[in-house]
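Have a look at the structure that comes next, please.
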Amino acid sequence: MKYLTLILKNIRRNPLRTLLTAMGTMMLVCVVTLIWSVLSFLDRQTSEKSQNLKLIVTERWQLPSQMPLSYADILSKGAPREPNDLTIADRDSMTWQFFGGSTEEDPRNRSPDSILFAFALEPPKLATMMDELDELGGSVAAEFQRVVDKLAANRQGLVVGQSRLDLLKQKVGGRLTLFSLNYPGIKLDLEIVGTFPPGRYDLSAAIHRDYLSSAMDQYERETGRRHPMIDRTLNLVWLRVKDRQEMAQVAQQIESSPQFRNPQVKVETASSGIAAFLEAYRTLIWGMRWLLMPAIITVLAVIIANAISISVRERRTELAVLKVLGFRPNQLLCLVVMEALAIGVSAGLSSALATYLLINLGFGGVTFPIAFFSKFFIPWEAVVLGTIVGAGTALAGSVVPAWSARSVKVSEVFAKVA
C-alpha cells in the first residue's frame, strides 16, 4: 500500500504531463484497436473451417466469372450423375447474378451516389445462405424475414442497405429505375421493399433473379435479337456442405462433369475465394499489419519513455534521498516501471473500451470499404488487446528511464547540490 500511495503521488506530481501522456496513449491505442479489428475480421473470413463449409463455383479462366444460366440448376445440386453421388439440398445452394446500374440514364450525368450494385438471387436464400444474415436472432431476424417475404412476393422488389439508401436519397416504399452498367440496354423499375440489418450489407442491395431474366426476355421481344450477355449472366453459385469429405466429393463431381466444358468451372471454399478477391488489397493489408501497427506501437513506446525520462531527471535528488533512506536499486526500478504501467494500463483499457462502445453502439460499425465489406465492428477481444498494448508499450518505454533511476549515484547527486 505504501508503494501504491507513492506511485499515485508521483503520477499526480505533474498532472499536465500525465494527462498529455495518457491522451497520446489513448489516441494511438484507439488506432491500433481499429486496425487490428479490420485485420482480425479479414483473417476470420479467409480462414478455413472444418464444419459447415461453403463452396464457391465460378468460371475457371475468367474474372469476373460469367457462366450460362443453364448451369444453375445442375450446379445447385452438386452435379450428381451416379446413384452414389452426393446431391446438395435446395436449402444449401444459392445462385448469384450481379447487376450494376445507375439511376441516371445519361452516362455523362452519373455520379457515384447514383450507382447501385445488386445481387440478383432467390429471395428466400437471403436469410438462409448469406453470411451473417443466416445467424441473425430475435427481433432482428423476424424483421428481416418480413423484408425477405416482401421481396419474394414482389418480383420488382429491391432490398438495399441503409447507407446506400441514404446516398440514393430514397426511402422504403419508394420507386426507382436502374439503367444497367453491365447489361447494355436493360433497365429495371424497382420498388424498395426494405433494408438490410445494419452492418456488413449497408452498401449492398438485392433483387429478384426472375425479374432480371424477364428483363432479358423483354429485350429480345423488343429488339428481335438475343441480348449479348444472355449466356453469361450467372456469376457464381454457393453450396453448403457438412465437412471436408463432402467438399472433396462435390468438387470432384462438378469439376469432372462433362456438362461444364464451355466454359469450364472451378470449385473452391468461400474462404479461398475471399482470399483471392482480397489479393488486390494485399499490399494495403500487408502495410497495415507490418508497417503501420509496429510504427504506431513504437511511437507509443517513445512517448511513454520520453515522459518517464523527464520525470526521472526531475526527481534525481528525490531518488538519491530514497536510496539514503534504505530503498534498494531494484525497488527504485520497480517504482518507475509501476508508474509507467499505471498510466499505460489505465489509458489502454479506457481507450479500447471507449472505442468498442463508441464504434459498435454509437456509430454502428466503422466505415472502411475494402473489397465487398463496407463496415467493420470492434470485437470484445479488442478491449483486452488495447489493455495489453498500453501495458506492453509502457513496460518497453519505461525500461531505460527505470534503469537510469536504479543507477542514480547518491554521492554525485549530493555533490551537485552542495
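Laboratory data are not the source of any read-out in this text; all were calculated from the coordinates shown. The structure presented is a predicted model; accordingly, all values stated were derived computationally and were not measured. Neighbour counts run over all protein chains shown; Cβ positions are idealised from the backbone, glycine included.
Would you pick out the residues in segment 112-129 that are within 22 Å of the chain's Cα centre (by Cα) and either under 11 Å from Pro197 (Cα atoms) or without any contact (Cβ under 8 Å) to a residue 40 or more places away in the chain (or both)?
Scanning segment 112-129 gives Ala127, Thr128.
With (1) in contact (Cβ under 8 Å) with a residue 24 or more places away in the chain; (2) surrounded by fewer than 20 Cβ atoms within 10 Å (Cβ to Cβ) as the list, and Ile88 as the residue in question, which single condition is left unmet?
Evaluating Ile88 over (1) in contact (Cβ under 8 Å) with a residue 24 or more places away in the chain; (2) surrounded by fewer than 20 Cβ atoms within 10 Å (Cβ to Cβ) leaves (2) as the failure.
Same structure, new question: Specify which of the listed residues (Val148, Val160) is surrounded by 14 or more Cβ atoms within 10 Å (Cβ to Cβ) and closer than 14 Å to Asp202 by Cβ.
Val160
Just the residues that are under 24 Å from Tyr219 (Cβ atoms), touching a helix residue (DSSP H, G or I) at 6+ places or on another chain (Cβ under 7 Å) and outside any strand (DSSP E or B), please, taken from segment 157-205.
Gly185, Ile186
I'd like to verify a number: residues in segment 65-116 that are in contact with a Phe, Trp or Tyr (Cβ under 9 Å, 6 or more places away or on another chain) and among the aliphatic types (A, V, I, L, M), how many?
6
Here's a follow-up. If you scan segment 82-141, which residues turn out to be among the hydroxyl-bearing types (Ser, Thr, Tyr) and not in a helix (DSSP H, G or I)?
Correct list: Thr87, Ser93, Thr95, Ser102, Thr103, Ser111, Thr128.
Could you please let me know if Ser213 is within 29 Å of the chain's Cα centre (by Cα) and surrounded by fewer than 19 Cβ atoms within 10 Å (Cβ to Cβ)?
For Ser213, the condition - within 29 Å of the chain's Cα centre (by Cα) and surrounded by fewer than 19 Cβ atoms within 10 Å (Cβ to Cβ) - is not met.
Within segment 330-342, can one find any residue that is among the small types (Gly, Ala, Ser), in contact with a helix residue (DSSP H, G or I) (Cβ under 9 Å, 6 or more places away or on another chain) and at positive phi?
No, because not a single residue in segment 330-342 is among the small types (Gly, Ala, Ser), in contact with a helix residue (DSSP H, G or I) (Cβ under 9 Å, 6 or more places away or on another chain) and at positive phi.
Which residue out of Arg244, Arg232 is of a type outside the set (S, T, N, Q) and under 27 Å from the mean Cα position of the chain (by Cα)?
Checking each option against the conditions leaves just Arg244.
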